[in-house]
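The structure appears below as structure tokens.
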Number of protein chains: 6
Amino acid sequence: MTAGGETAEDRVKAFTEFRQRMNERILGEDNQVIRRFFSLDTQTYRAGALDVKTKELLGLVASMVLRCDDCIAYHVGQCREAGVNRDEFFEAFSVALVVGGSIVIPHLRRAVDFLDRLESAAEPAPAAHSHDAA
Amino acid sequence: MTAGGETAEDRVKAFTEFRQRMNERILGEDNQVIRRFFSLDTQTYRAGALDVKTKELLGLVASMVLRCDDCIAYHVGQCREAGVNRDEFFEAFSVALVVGGSIVIPHLRRAVDFLDRLESAAEPAPAAHSHDAA
Amino acid sequence: MTAGGETAEDRVKAFTEFRQRMNERILGEDNQVIRRFFSLDTQTYRAGALDVKTKELLGLVASMVLRCDDCIAYHVGQCREAGVNRDEFFEAFSVALVVGGSIVIPHLRRAVDFLDRLESAAEPAPAAHSHDAA
Amino acid sequence: MTAGGETAEDRVKAFTEFRQRMNERILGEDNQVIRRFFSLDTQTYRAGALDVKTKELLGLVASMVLRCDDCIAYHVGQCREAGVNRDEFFEAFSVALVVGGSIVIPHLRRAVDFLDRLESAAEPAPAAHSHDAA
Amino acid sequence: MTAGGETAEDRVKAFTEFRQRMNERILGEDNQVIRRFFSLDTQTYRAGALDVKTKELLGLVASMVLRCDDCIAYHVGQCREAGVNRDEFFEAFSVALVVGGSIVIPHLRRAVDFLDRLESAAEPAPAAHSHDAA
Amino acid sequence: MTAGGETAEDRVKAFTEFRQRMNERILGEDNQVIRRFFSLDTQTYRAGALDVKTKELLGLVASMVLRCDDCIAYHVGQCREAGVNRDEFFEAFSVALVVGGSIVIPHLRRAVDFLDRLESAAEPAPAAHSHDAA
């Protein structure tokens, strides 16, 4: 694996680890409102009248127009797992850009960078796995 | 038709008329950037990798978290034409509410009120049409 | 009671009625995420480590810097019931104004107008109560 | 004068009167932070390294991207007094639209409507003045 | 002291130093509006009808819903000096979370991380002081 | 050149390189809405009824009140090329600060830091050029 690939994997990993560590810290506190909010947040994206893919796209575009990089990164990951393809990502990005304006552009850059990292981190994975299997 | 029905129809009509009159006024000005923006805005919601219904839902949720009542009313109307049903509307609303927080609630109230008005304005229409057909 | 007094009472009443009617409409829908959010919102302002008065002041200032008139009106009412006096209101307003900037000023005007209306609507109350007591 | 002309004049007047009445009410309170903020706000737009016209245009565009109708109306009026012409207004609007996105459009409509009202309220003025002079 | 403790102390220190250095740079410019704003900002949090602790909590929650990490870090520090305890912090956080929505969560994570760092930087301090005294 | 000068040059360079690389990546995708938006964004700041300097100042203040560091850095650079001097920068900053409130302060610090870096990166440039010419 190239150094670039490792870096991509590392950055995604660092983001995920900080996110997970602090969530545990927050949920470890004795504050029921915050705990219930976190639980409600998870429930929101479950399949219902709308499927998971549509809901994650809604979460992504909401995060982009509100310009929250961590939320964007999170929903880019969730959308990808829900099967959003590159053309669909860019159409969702285009809605966020037109609704939110040029102020969204720096977040669009980082969203695309994060998506690229996810893809470059993911692509070597099958090879690595078959290597493991070997 | 009841007075309540007329009021609902009237409010939707007043909103639509002001919107249309000012859009014409703005596009009548000799400013190419604004004209191109309006044209781009229309292009954004055309079917592509994502269908019109999904894109309008994205526009609706983006408008709700940015808390713009006129944008919400517009996208509620567009979503309805694209076939979004009441359960789907409320799931989209729930994403906007959880992402954007309680500050979204007053806009949620007005979104539901506008949706109710659209439905009560629309419901007499079939009767009117069958009357016309008579 | 003067016509001005009636108007103040009416406006506060119209706001409260629309709020209540739409809340019932929203909670009547079969959407558990939204219902749980509304319940969580109520729980948030209950006395705990911080008392109700402090929490309502936090809700008020958050609403002012996010510039949501209905939320501001609601928390002005709640703060008043929790015993916030006029000097305390204006100090909370001053924090919102300095954090949020001059863009908060139109909302400050409406907050003060709403507080004035609440007070002028409330003032006849003791008379009414002594009448009841009679 | 037509009924339309009177309405335009009336709406501008109603906005100005509420603004002035509430400002007096706010400055009448014994809160030095708020008073100093209002005084600082006035000082901000005085001529310095940048002239009044440029500063008012900055205030206008800031108000548009933050989507505050009253602030927009106020700065439209100030810009007009500082000599901003219609083409300049629309170029400033175009910057706000592109930076802030389609979410700015409803505020753009009301900004143009307010500018139209100011102009239609102002146009009869010379006639009125020559009448006064008669 | 562990490496982790040093890092926590270092990050808090780096934040404080950049803040202080740039404030001096800004106040060194000949711009009276900015200078007066900085002075007004300081005045806002002085004890008055509301005590310092309440005002700092208001500043903290306002900063959280507006999602400004540096402002949050600053007010977390000020609140801590004003005697806000951990349960009170989390109740203030819960108000910000419910008002501002899930978009606040990444800032909540960093707020808790900063609070942890402040505490871990502060705890060795008595030891360090007794060492100095030795 | 001092190490500090090199660092300043490096940071400006890193920002510019990421910006340029990701813009190419984004424009390389087959999404016409996004491409047209980027083209429209460029067109917005061309001289028209308002000159480039005024338009860039409008873009800068809009970016500051919306609190987008990358947009601020970009417009600080563009303003500087359009001839905005230090006093004019600080007056534009003061408008953004008063309109947007203390929440703008951390972005003001970074704007001033970026301006300082641009100036310290630029100052050695003539020497470097005369060296090249040698």
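Per residue, the protein assembly as shown exposes 43 Å² of solvent-accessible protein surface, assessed with a 1.4 angstrom probe and all protein chains in place. The mean number of partner chain beta-carbon atoms within 10 angstrom of a residue's beta-carbon across peptide F:68-77 is 3. Sorted shortest first, the separations between the residue A:119 label point and its copies elsewhere in the assembly read 4.2, 4.3, 4.3, 4.8, 6.2 nm; each point sits 7 Å from Cα along the Cα-to-Cβ line.
Ignoring ligands, DNA and RNA and using a 1.4 Å probe, state the total buried accessible area between B and F in Å², rounded to the nearest 100.
Values: alone 9110 and 9100 Å², together 17340 Å².
Approximately 900 Å² gets buried when B meets F.
Using the Cβ atoms and a cut-off under 10 Å, what net charge is assigned to the surroundings of residue B:56, where Lys and Arg are +1 and Asp and Glu are -1?
Numbers: positive: B:53, B:55, B:80; negative: B:51, B:81.
Value of the local net charge: +1.
Net charge of the neighbourhood of residue D:90, taken over other residues with C-beta under 9 Å away and scored Lys/Arg +1, Asp/Glu -1, is -4.
Counting Lys +1, Arg +1, Asp -1, Glu -1, what net charge surrounds residue B:81 among other residues with beta carbon under 10 Å of its beta carbon?
Working: positive: B:53, B:80; negative: B:56.
With Lys, Arg at +1 and Asp, Glu at -1, the neighbours total +1.
Each Lys and Arg adds +1 at its Cβ and each Asp and Glu adds -1 at its Cβ; summed about the Cα centre, region D:1-105 shows a dipole of about 220 debye.
Quick check: with the 1.4 Å probe, what order do F:33, E:52 take by accessible area, largest first? Intermediate results must be reported in sequence, preceding the final value.
Values: F:33 15, E:52 60 Å².
From most exposed to least exposed: E:52, F:33.
Solvent-accessible area assigned to carbon and sulfur over the protein assembly as shown amounts to 48 percent, based on a 1.4 Å probe.
Over region A:4-95, what is the relative contact order in percent, taking alpha-carbon pairs closer than 8 angstrom and at least six residues apart? Write out the running numbers ahead of the final one.
Numbers: 35 pairs, mean separation 18.7, N = 92.
Contact order relative to length: 20 percent.
Its Cα gyration tensor gives the protein assembly as shown an equivalent ellipsoid. The semi-axes, each the square root of 5 times an eigenvalue, are 39, 33, 33 Å from largest down. Hey, quick one: spin label on residue F:47, modelled 7 Å out along Cα-Cβ, who in region B:35-79 has an amide N within reach, i.e. under 20 Å? Of the residues in region B:35-79, none has backbone N under 20 Å from the label point off residue F:47.
Rolled with a 1.4 Å probe across the full set of protein chains, the surface gives residue F:42 an accessible area near 80 Å². Suppose only helical runs count, i.e. DSSP H with n ≥ 4. What mean residue ellipticity at 222 nm does that imply for chain A under -39500 (n - 2.57) per run, divided by all residues and rounded to the nearest 500 deg cm²/dmol? Helix-only estimate at 222 nm: -26500 deg cm²/dmol. Placing +1 on the Cβ of every Lys and Arg and -1 on the Cβ of every Asp and Glu, with no other charges, gives the protein assembly as shown a dipole of roughly 20 debye about its Cα centre. Could you tell me whether region A:43-105 comes out rounded, prolate or oblate from its Cα gyration tensor? Rule is a ≥ b ≥ c as square roots of the eigenvalues, rounded for a/c under 1.5, then prolate if a/b exceeds b/c, otherwise oblate. Prolate is the answer for region A:43-105, as a/c is 1.5 or above and a/b outweighs b/c. Anisotropy class assigned to region F:1-90 is oblate, per the alpha carbon gyration tensor with a/c at or over the 1.5 cut-off and a/b no larger than b/c.
The values are calculated or read from the model by the stated rules, or taken from the named source; none is laboratory data. The model shown is predicted, which means the values in this text are computed figures rather than measured ones. All Cβ positions, glycine included, derive from the backbone under ideal geometry; neighbour counts span all protein chains shown. Each accessible area value is taken on the protein alone, full model and side chains, heavy atoms only, with ligands, DNA and RNA left out. Shrake-Rupley method; radii C 1.70, N 1.55, O 1.52, S 1.80 Å.
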